[in-house]
Amino acid sequence: MATMSESTADRDVPPFRYTAQMADEIERRWQDYWEEHGTFNAPNPVGPLSDPDHPRAGAPKLYVMDMFPYPSGSGLHVGHPLGYIGTDCYTRYQRMAGRNVLHPMGFDAFGLPAEQYAVQTGAHPRKTTEENVARYRAQLRRLGLAYDNRRSFATTDPEFYRWTQWIFLQVFNSWYDPAVRKARPIAELVAEYESGARRTPDGRPWAELDPVERRRVIDDHRLAYISDAPVNWCPGLGTVLANEEVTADGRSERGNFPVFKRNLKQWMMRITAYADRLLEDLDLLDWPEPIKLMQRNWIGRSTGAHIDFPTDAGPLRVFTTRPDTVFGATYMVVAPEHELVDRLVPAAWPAGTKPAWTGGHATPREAVDAYRKFAAAKTDVERQADAKEKTGVFVGAYATNPVNGARIPIFTADYVLAGYGTGAIMAVPGQDERDWEFAEVFDLPIIRTVQPPADFDGKAYVGDGPAINSGFLDGLGVEDAKKKIIQWLEENGHGQGAVTYRLRDWLFSRQRYWGEPFPIVYDETGLPVALPESMLPVELPDIADFSPKTFDPEDGDSTPETPLSRERQWVEVELDLGDGPKRYTRETNVMPQWAGSSWYELRYLDPANDQAMVDPANERYWMGPRDERDCGGVDLYVGGVEHAVLHLLYARFWHKVLYDLGHISSCEPFRRLFNQGYIQAYAYTDERGSYVPAEEVVERDGRYFYGDKPVRREYGKMGKSLKNVVTPDEMCAAYGADTFRVYEMSMGPLEVSRPWETRAVVGSYRFLQRVWRAIVDEQTGALRVVDEAADEQTRRLLHRTIDGVRTDMEAMRFNTAVAKLIELTNGLTRLSATPREVAEALVLMLSPFAPHLGEELWRRLGHPESLAYERFPSADPALLVAESVTYPVQVNGKVRARVEVPADAAEDAVRAAALAAVAEHTAGREPRKVIVVPGRMVSVVL
RNA sequence: GCCCGGGUGGUGGAACGGCAGACACGGCCGCCUUAAAAGCGGCUGCCGCAAGGCGUGCGGGUUCGACUCCCGCCCCGGGCACCA
């Protein structure tokens, strides 16, 4: 469009019209001005970023944050900055409303996407990452976002990840004390053992343990620990993954590769210790209810009981949420992986074994081995698909029901999961649908222990009702029966009340290159040793071959190999860690993607501090609790729902550890969360199913064509491969950044997803042109503003607009705020000149949305300073009350007339006027009822 | 299957229980122009020449009055998914 008719187009355009070219010139000029003047720098209470002379020093603060981006190689499309523009409009408004606003931006630059892009292009990840960050910065700058740029960082900066490593050390060097429900320094645990206040695991005195034994005991309590446990191994990515990174069908969220369960030594974070607090403190947060619910479900707290069922191989412990139904337990099930299985299996089938139970095998050993193989071979997808058909096999052994001595068979079946509870259940088919299904397949007895209602005609009954067939529980409701049986179990040593969680500990190591190195080395014992703070940061070495070793994606038996392990001269180090110089081996795993984003909200507060992660005074000012009931945290955090569990749960966990250890005053990182919607787009495929450029598709009679070929339309994401990407750069070139911003804000409410429509952007362009024209003469460039007062009608319109816009801005209803500004502007076009009082208020109110145009017009109106700290206009209440009111008059619910009466007219007068107006419709009949809603309407009922 | 969101003109969306469709796109008509584009002005929920009627996914209910509140369905999007 830039090449369109070089001369003719320009000749007819008035010389001072607000065009894309003019917008571009204005925008660049003001972006330079803001940068040069540090206009959006926010003063800290203490430290190098403090500034007592700042116009907002000491003012009420507001900390607003966006979820920072991964700087991917393909740059931004128009969907990415939606939330950023939203927070920018909001913070610009709040700054004008008198708040000291902190609005920073950074880059989440470690992790798989950046690394994989680097691997593809063959360039070093640091180089590509730095280029991508630079490109993102330029794209965001062009949008006029008002960040405090002194506070910007990338998580890959050594000065930043030094503190990521420091936090890891805090976590490593602490343990969770359930007695006080918080993390404590590990030294206090050592002291408890030394003094004998705490018993050692095997009861020997602490002094008798050798140093290695002592270290093992302590390491078992750390919040960051090494475990050899089943993890999600993804050969296709060459790394292990956290549970949260694996999809329901057993594939990697990134790359969609198969994931296998394997036992591997890995770093874990003891997030489960915080399960209850992570759950309880959700109540303190101003978050969308669906997000809280997703976190609650993810944590998955269940209360019930552990019950021990005696067997020949020792007690079989189960977890149940329904201990009240224990009299109805007619069989037991253990997961195929359960460690007791091998000890239970006898040499031969016992007497009374039903044929259906053996799976056709001659011995229990054969049957169990075959079933295990069968279960292990199933992918998670198959497992889900088969969920309705219960499979399993009798292990050949029996357990004893502790409440009634009944001898009940033990099965192994894959409908019981090894990873949840104890990996074993008591099966109560009468009150559990899954157990009922299994009982039907294997011909097992069913005993109801809760009396279903008379009209119940289903199978398992899971509702409330009086206990039956349950001995001393008979007649009790479910809740009472639970209490009584738990008491009985505890008194008789058969079990106790218990709580379990779905949440697992956080798998924290990755076999990758592009992540934070661990500040950990190993000594000759093979046990981990923390490096002292003085050795931070442990810099990621520059190695020649940074690509991870990947494997055949289907080869679950492969073993990960870390890129850093190949760098021997980095791995082998001699250090003096207090016992004189010694040889050590470095940890060669790196931290996961989520490490940097789990605490970055804190670093914005004090980015230059090299003595501490954040100065407590700065943290207290920006994030501290407002009162005893407040958790503190960022005042507004905006981002997409896709981070509902992963990022938000990890960040909450780290924040709580830092809080427990006394480093910060807020116990939650994000007090208020707002989920913005997405900008989506149409994509088009031809008859072969390949994508055609969306830009060139035309609509004719509701059908879509690429050239003369019909194409099929689909709706979803924007993406290179879908050939439907529209970039902010294109929009800035064609209309200017201000137009683009106004368009994104007026498309709809920020929280709602909506389709991108390039041709609709022109509406916002025309709006800004009308504003410009109301103030500047397009032919001469002279001001069209006069100092005479506005007429009454214009004034009332202005103050109604101010009132409405303020309300909308507070509530982040930017689309309706823009609509009101358009109405005000449209109200000015009938005037021959614009009164200054209206022009200035309009410019100030528009400036959060179109900041460059705002600054430019404000300057032309004669103000030498930036408007960033001007007071946002306030409405005069006297001008908000209308002089006269038009009442619609309803007759039997239908509007039949309107009457205009003075605003202060008495109700009787309104009633009389209304009745007179609808005399024709009442046709002389006496209304049964007349309702006058003051200021609203009149309703006549015949 | 369970749990969340959400269904309003051709389109994106407005609307304290009180005039449904603000604002914008698109469309139609006009002005300007040799012409086109840009810009500007008018009209634009549906049916109907009109009077008028009908309209917020569907069916009920509460109310003088329901997009809004209640009950029962349908459809779309998302989350979880044998969690004992």
Scanning segment A:705-739 residue by residue, the ones that are away from RNA strand B (no atom under 15 Å from the Cβ), at pLDDT 95 or above and touching a Ser or Thr at 6+ places or on another chain (Cβ under 8 Å) total 0
I need every pair where a residue in segment A:910-935 that is of a type in the set (A, V, I, L, M, F, W, C) has its Cβ under 8 Å from the Cβ of a residue that is in a loop (DSSP other than H, G, I, E, B), sequence separation at least 6 or different chains.
A:VAL910/A:PRO934; A:ALA913/A:ALA905; A:LEU915/A:PRO927
Tally of residues being more than 10 Å from RNA strand B (Cβ to nearest atom) and in contact with a Pro (Cβ under 8 Å, 6 or more places away or on another chain) across segment A:748-781:
2
Just wondering, is there one or more residues in segment A:870-890 that are part of a helix (DSSP H, G or I) and within 13 Å of RNA strand B (Cβ to nearest atom)?
no
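Given the options A:VAL762, A:VAL698, A:VAL776, A:VAL711, name the one that is surrounded by fewer than 16 Cβ atoms within 10 Å (Cβ to Cβ) and touching a residue at least 24 places away in the same chain (Cβ under 8 Å).
On the way: A:VAL698 fails: touching a residue at least 24 places away in the same chain (Cβ under 8 Å); A:VAL776 fails: surrounded by fewer than 16 Cβ atoms within 10 Å (Cβ to Cβ); A:VAL711 fails: surrounded by fewer than 16 Cβ atoms within 10 Å (Cβ to Cβ).
After ruling out the rest, the residue left standing is A:VAL762.
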Looking at (1) within 30 Å of A:GLY862 (Cβ to Cβ); (2) within 16 Å of RNA strand B (Cβ to nearest atom); (3) surrounded by fewer than 17 Cβ atoms within 10 Å (Cβ to Cβ), which is the one condition that is false for A:VAL742?
(3)
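Would you tally the residues in segment A:259-274 being under 25 Å from the mean Cα position of the chain (by Cα) and surrounded by fewer than 20 Cβ atoms within 10 Å (Cβ to Cβ)? Break it down into steps so the answer makes sense when it comes.
Residues of segment A:259-274 that are under 25 Å from the mean Cα position of the chain (by Cα), as a first pass: A:259, A:267-274.
Restricting the remaining residues to those that are surrounded by fewer than 20 Cβ atoms within 10 Å (Cβ to Cβ) gives A:272.
Of the residues in segment A:259-274, 1 are under 25 Å from the mean Cα position of the chain (by Cα) and surrounded by fewer than 20 Cβ atoms within 10 Å (Cβ to Cβ).
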Would a scan of segment A:233-245 turn up a residue that is surrounded by 15 or more Cβ atoms within 10 Å (Cβ to Cβ), within 15 Å of RNA strand B (Cβ to nearest atom) and part of a loop (DSSP other than H, G, I, E, B)?
yes
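For residues in segment A:825-842 being of a type in the set (S, T, N, Q) and within 41 Å of the chain's Cα centre (by Cα), which is surrounded by the most Cβ atoms within 10 Å (Cβ to Cβ)? Lay out the reasoning, then the answer.
Looking only at segment A:825-842, we keep the residues that are of a type in the set (S, T, N, Q), and these are A:825-826, A:829, A:832, A:834.
Next, from what is left, pick out any that are within 41 Å of the chain's Cα centre (by Cα): A:825-826.
Numbers: A:THR825: 22, A:ASN826: 13.
Out of the qualifying residues, it is A:THR825.
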Flag if A:TYR684 is of a type in the set (Phe, Trp, Tyr), surrounded by 21 or more Cβ atoms within 10 Å (Cβ to Cβ) and either modelled with pLDDT of 85 or more or closer than 29 Å to A:ALA811 by Cβ (or both):
yes
Scan of segment A:615-661 for residues that are among the hydrophobic types (A, V, I, L, M, F, W, C), assigned to a loop (DSSP other than H, G, I, E, B) and under 9 Å from the mean Cα position of the chain (by Cα), ordered by number:
A:ALA644, A:VAL645
Determine, yes or no, whether A:LEU564 is part of a helix (DSSP H, G or I) and in contact with a helix residue (DSSP H, G or I) (Cβ under 8 Å, 6 or more places away or on another chain).
yes
Scan segment A:874-886 residue by residue and report those that are of a type outside the set (S, T, N, Q) and either touching an Asp or Glu at 6+ places or on another chain (Cβ under 8 Å) or modelled with pLDDT under 85 (or both).
A:ALA875, A:LEU880, A:VAL881, A:ALA882, A:GLU883, A:VAL885
Restricting attention to segment A:282-302, does a residue exist that is in contact with a helix residue (DSSP H, G or I) (Cβ under 9 Å, 6 or more places away or on another chain), outside the structural domain of A:PRO409 (by TED's automatic domain parsing) and more than 30 Å from A:ASP249 (Cβ to Cβ)?
yes
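Yes/no matrix, rows are residues, columns are (1) buried (at least 17 other Cβ atoms within 10 Å of the Cβ); (2) within 9 Å of RNA strand B (Cβ to nearest atom); (3) closer than 22 Å to A:GLU883 by Cα:
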residue: A:ASP908; (1), (2), (3): no, no, yes
residue: A:ALA913; (1), (2), (3): yes, no, yes
residue: A:ALA917; (1), (2), (3): yes, no, yes
residue: A:ALA923; (1), (2), (3): no, no, no
residue: A:GLY935; (1), (2), (3): no, yes, yes
residue: A:VAL941; (1), (2), (3): no, yes, no
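Any idea which of A:PHE40, A:PHE68, A:PHE110, A:PHE16 is within 16 Å of RNA strand B (Cβ to nearest atom), assigned to a loop (DSSP other than H, G, I, E, B), in contact (Cβ under 8 Å) with a residue 12 or more places away in the chain and at negative phi? Talk me through it step by step, then tell me what you get.
Working: A:PHE40 fails: within 16 Å of RNA strand B (Cβ to nearest atom); A:PHE68 fails: within 16 Å of RNA strand B (Cβ to nearest atom); A:PHE110 fails: within 16 Å of RNA strand B (Cβ to nearest atom).
Residue meeting the stated conditions: A:PHE16.
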Does any residue of segment A:306-327 turn out to be surrounded by 20 or more Cβ atoms within 10 Å (Cβ to Cβ) and basic (Lys, Arg)?
yes
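Name the one entry in A:VAL891, A:VAL885, A:VAL895 that is surrounded by fewer than 19 Cβ atoms within 10 Å (Cβ to Cβ) and touching a residue at least 40 places away in the same chain (Cβ under 8 Å). Talk me through it step by step, then tell me what you get.
Numbers: A:VAL891 fails: surrounded by fewer than 19 Cβ atoms within 10 Å (Cβ to Cβ); A:VAL895 fails: touching a residue at least 40 places away in the same chain (Cβ under 8 Å).
It is A:VAL885.
The values are calculated or read from the model by the stated rules, or taken from the named source; none is laboratory data. This structure is a prediction, so every number in the text was calculated from the model and none was measured. No Cβ is skipped: glycine too gets one built from the backbone with ideal geometry, and neighbour counts run over all protein chains shown.
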